């Protein structure tokens, strides 16, 4: 069996979450958990200004009309993904899907499964190094190794507020 890689699937605009849900349901129904490991619609947080000039937090899709899938490419998995309602095709020349390179994966915050032991654990004090919360201190409340994300509590308006941040955007205090 070949190694699982990340592939990009093009979808109809606005169907990203439906495609993700349909693929996950098919994985469960056909017992393909060992071949299709993860389906992702990458999201990002940013601050936007509303019509009154107030700053508010917004969560939006990083790649509208695209879904990322970590899978072992074979005839069965290709067929399942390609024939999911809302999918227009894999990204690649013709009908040949091309996996993301290690550099592309790293720039999107995705990592291979064979990653070293976790760098962060619950209770660690960290500083956010990028994004909306840059230079903010926080304490890790939970760690998601598979997604390479940590939930930290930050002080916002005098209250502790949980925020999910990628490992690449935090460092130990």
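Just so you know, all these numbers are worked out from the coordinates, no wet-lab data involved. For clarity, every value in this text was computed on a predicted model and none was experimentally measured. Every residue, glycine among them, receives a Cβ derived from its backbone with ideal geometry; neighbour counts consider all protein chains shown.
Some observations on this one:
- The chain: translational diffusion in µm²/s, Stokes-Einstein, Kirkwood Rh over Cα pairs, 20 °C, 1.002 mPa s: 120
- Alpha carbon convex hull of the stretch 125-172, projected area averaged over orientations, nm²: 3.0
- Legend: calculated FRET efficiency, residue 50 to residue 159, from the Cβ-Cβ distance at R0 = 22 Å, rounded to 0.05, equals 0.55.
- Calculated log₁₀ intensity ratio I(q)/I(0) where the Debye formula runs over C-alpha points of the stretch 1-76, q = 0.22, 0.27 Å⁻¹: -0.99, -1.23
- Listed peptides 13-19, 28-34 appear in the order 13-19, 28-34 once ranked by packing, highest mean of other Cβ atoms within 10 Å at the front.
- For the chain, the longest principal axis of the C-alpha atoms and the axis of helix 16-30 are separated by about 60°.
- The chain, relative contact order [Cα under 8 Å, separation at least 6], %: 21
- Likely footprinting exposure, 133, 78, fewest C-beta neighbours within 10 Å first: 78, 133
- Extension gain, residue 13 back to residue 147 (0.36 nm per residue minus Cα-Cα distance, nm): 45.8 nm
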